[in-house]
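Encoded as structure tokens, the structure appears first; notes follow it.
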Amino acid sequence: MKKTFILDTNVLLHDVNSIYAFEDNDIVIPMVVIEELDTFKSEGDSRGKSARMVSRELDSLRVKGRLNEGVKLPSGGTLKIELDKPGTLPQVFSVNKSDNSILNIAYTLGKKEGSYKKNQSPVIVVTKDINMRLKAEALGLQAQDYTTDKVNLDELYTGVAEIEVAPEEIDAFYRDKKLTLPEGTYFPNQFLILKAAGGGKQSAIGRVSNNGQMVLKPLSAQEPVAWGIKPLNKEQRFAMELLLDDSLDIVTLVGTAGTGKTLITLATGLQRTMDENAYRRMVVCRSIVPVGKDLGFLPGTKEEKLEAWMGAIYDNLAFLADRKNPDEGEEKAHYLLDSGKIEIASVTHMRGRSLPGQYMIVDDAQNLTPHEMKTILTRAGEGTKIIITGDPYQIDTPYLDVESNGLTYIVDRLKGQPSYGHITFTKTERSRLADMASKLL
């Protein structure tokens, strides 16, 4: 049965290609949404960029027909821009609110097309605004979240799995330094913990090869060390194996606060950039999203403005710069930054750049949309390695959640690629208090 989907502004900004995600159904964009896009288009951030891209896409459809009458989409549906007809909703809904204008169009179209009757074409409001979905339900309208790019977090790839094998196979793995894996689903660069079947005590750890053969290889004989940092648990060991592997172009690290994601990523970056000169420069970027009330505009140069947002990066650099003499750590961290081998940037400043031969860290990536994540990854030039870190449970961006953010999206989409590795951290190493807070609060 063909449906009519009415799209909210936040859906279009979240995914600029969302108008093509509804198969052969009809799409309605209220005029108030066009007005909001017009407001956002002059902004210099990712929201402004998305607004401009959506406007250009709609303009390209305009040449195929009249948008007020409906233009055919490649999938078979139509797209139409609808004018508001105020006065239909109950008086409790203010006519001056954009959300209510969208609901009014849905309510009007629903009555016109008989969507409240059984077996009639339904009219559905699609929005990432929870309160708007609640208001739609109160009016008897159908409403849903935009779920095309959502990922089930419970089923998210962790990068680690445990399997049972015969005890003699574990012995053969230690002897031959490889093991042909039994039938099952495995991914390149996935770490496997082998347990002896039947309750045996033997165990082993290996990593699935990334050459297309389902063969398990042992980890490096020597425990990895980067700038004096050693792994404190098996997950950190796995992560450092991936970070130090030049055959991988991209690594994602997911975990709660205090698991060591940022610290070991920076340590490995300093090792590969400053000591070994394997990369021309280390670029560290994160999205500028405030926690709680925003402080507003900050004075100073770009670097001085960013310093307020990059506290976690500076803290870790200071710790790494001189762990034996903490009083000198901050001074040495600034020396590292002034050396020209390290660049601190915001995601906003990544647009339009080309970054060859860089060790690039994208921190707090859970605050990025899938589209923003794609924009960042396409900045990578030849010889660049990208490490993406974040915690899906610490999202500060409106209209993103644990299942629709760019971090979980990229983990789900890239698993199975030979040049990709991923680890999900579960153990907090920052402090006993941090571990308790992450588990209980």
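The values are calculated or read from the model by the stated rules, or taken from the named source; none is laboratory data. Source: prediction; values computed, not measured. Only protein heavy atoms, including side chains, enter the accessible area calculation; ligands, DNA and RNA are left aside. Shrake-Rupley method; radii C 1.70, N 1.55, O 1.52, S 1.80 Å.
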If you fit an axis through the alpha-carbon atoms of helix 46-62 and take the longest principal axis of the Cα set of the chain, what angle between them do you get, 0 to 90°, nearest 10?
50
Taking springs between alpha-carbon atoms closer than 10 angstrom, which of 363, 391, 338 fluctuates most in the Gaussian network model of the chain?
338
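Could you work out the relative contact order of segment 163-223? I mean the mean sequence separation of Cα pairs under 8 Å and 6+ apart, divided by the number of residues, in percent. Don't skip to the answer; put the middle values down first.
Values: 97 pairs, mean separation 21.1, N = 61.
Relative contact order here is 35 percent.
For each pair in 3/72; 230/439; 341/374; 332/427, compute the distance between the two Cα atoms and list the pairs where it is over 18 Å. Spell out each step's value before the answer.
Details: 3/72 15 Å; 230/439 24 Å; 341/374 25 Å; 332/427 30 Å.
Exceeds cut-off: 230/439; 341/374; 332/427.
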Vicinal HN-Hα couplings computed from phi for segment 170-184 (Karplus, 6.51 cos²θ - 1.76 cosθ + 1.60; Hz; Gly/Pro x)
5, 4, 5, 5, 5, 6, 8, 6, 6, 8, 6, 6, x, 4, x
Per-residue HN-Hα couplings for segment 121-136, Karplus 6.51 cos²θ - 1.76 cosθ + 1.60 at θ = phi - 60°, whole Hz, x for Gly and Pro?
4, x, 9, 10, 8, 10, 8, 9, 8, 4, 5, 5, 5, 5, 5, 4
Go ahead and set up a Gaussian network model of the chain, Cα springs under 10 Å, then flag whichever of 362, 28, 165 fluctuates most.
165
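Round to a whole number: what % of the accessible area of the chain belongs to carbon and sulfur, probe 1.4 Å? The partial results should precede the final answer.
Numbers: 10960 of 22100 Å².
After summing per-atom areas, the C and S share lands at 50 percent.
Quick check for you: with a 1.4 Å probe and neighbouring chains kept, what is the accessible area per residue of the chain, in Å²? Display every interim value, and only then the final one.
On the way: 22100 Å² over 441 residues.
With all protein chains present, the chain gives 50 Å² per residue.
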Quick check on the chain: of the DSSP beta bridges with both residues there, what percent are antiparallel, nearest 5%?
20
Go ahead and set up a Gaussian network model of the chain, Cα springs under 10 Å, then flag whichever of 202, 358, 417 fluctuates most.
202
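Taking Cα pairs under 8 Å and at least six residues apart, what relative contact order does segment 107-251 come out at, in percent? Mind showing how you got there, number by number?
On the way: 174 pairs, mean separation 19.5, N = 145.
This gives 13 percent for segment 107-251.
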Could you grab the relative contact order for the chain? Cα pairs under 8 Å, six or more apart, rounded to a whole percent.
16
Convex hull volume per residue in cubic angstrom - Cα atoms of the chain:
201
